[in-house]
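Notes follow the structure.
Every number in this text was worked out from the coordinates using simple rules, so none of it is lab data. In this text the structure is predicted, and so the values were computed from the model without any measurement. No Cβ is skipped: glycine too gets one built from the backbone with ideal geometry, and neighbour counts run over all protein chains shown.
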Amino acid sequence: MQGKLNVTYQLICDNDTHKEISLKEILANEKVIKLIKSEFAKGIRNLQLSTDDSQTNVIISTEKELYHFEAHKKDFADLIELAEEDAKKRKLLKKGCDAVEIIDFQTLN
């Protein structure tokens, strides 16, 4: 196998957050309602907020930085190890952030 891969990865940390909240649940919170009304409908009375799509979710997650490196196609089976080595070389791994996740890889000619 000739050629190279462009590999994208991110760090996995202990305090990473990923939470999905339905829009219906958000609009049920009185503090959120007051904030929306004061920001977008200041001075208007007798307002009611609603949504017609009960499947809409808001995702709250940790913003991650993506890192890239190149590897040979023949090293495809070792991409995670190579990503870990790249992270060690860049001194990215530390207490609480000691693993990597492969996000994407693309074939280069």
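The table below lists the values:
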read-out: Stretch gain in nm, segment Ile26-Glu63, where the contour uses 0.36 nm per residue and the Cα spacing is subtracted; value: 11.2 nm
read-out: Förster radius 41 Å - calculated FRET efficiency between Gln2 and Asp98 (Cβ-Cβ, nearest 0.05); value: 0.75
read-out: Degrees between helix 79-89 axis and first principal axis of the chain (Cα, 0 to 90, nearest 10); value: 90 degrees
read-out: Cβ-defined net charge surrounding Phe69, 15 Å radius [Lys, Arg +1; Asp, Glu -1]; value: -4
read-out: Dipole magnitude of the chain about its Cα centre (Cβ charges: Lys, Arg +1; Asp, Glu -1), debye to nearest 20; value: 540 debye
read-out: Within-13-Å neighbourhood charge of Asn57 [Cβ basis; K, R +1; D, E -1]; value: -1
read-out: Charge dipole of the range 18-61 about the Cα centre (unit charges at C-beta), most positive-ward option of Val58, Ala41, Ile26; value: Ala41
read-out: Calculated [θ] (222 nm, deg cm²/dmol) that DSSP helices of n ≥ 4 give over the chain, each run adding -39,500 (n - 2.57); value: -7000 deg cm²/dmol
read-out: Nonlocal amide H pairs with Ile103, under 5 Å, H built at 1.01 Å; value: Thr8, Tyr9, Gln10
read-out: Zone residues, the range 6-41, relative to Leu49, backbone N less than 16 Å from point 7 Å out along Cα-to-Cβ; value: 21-41
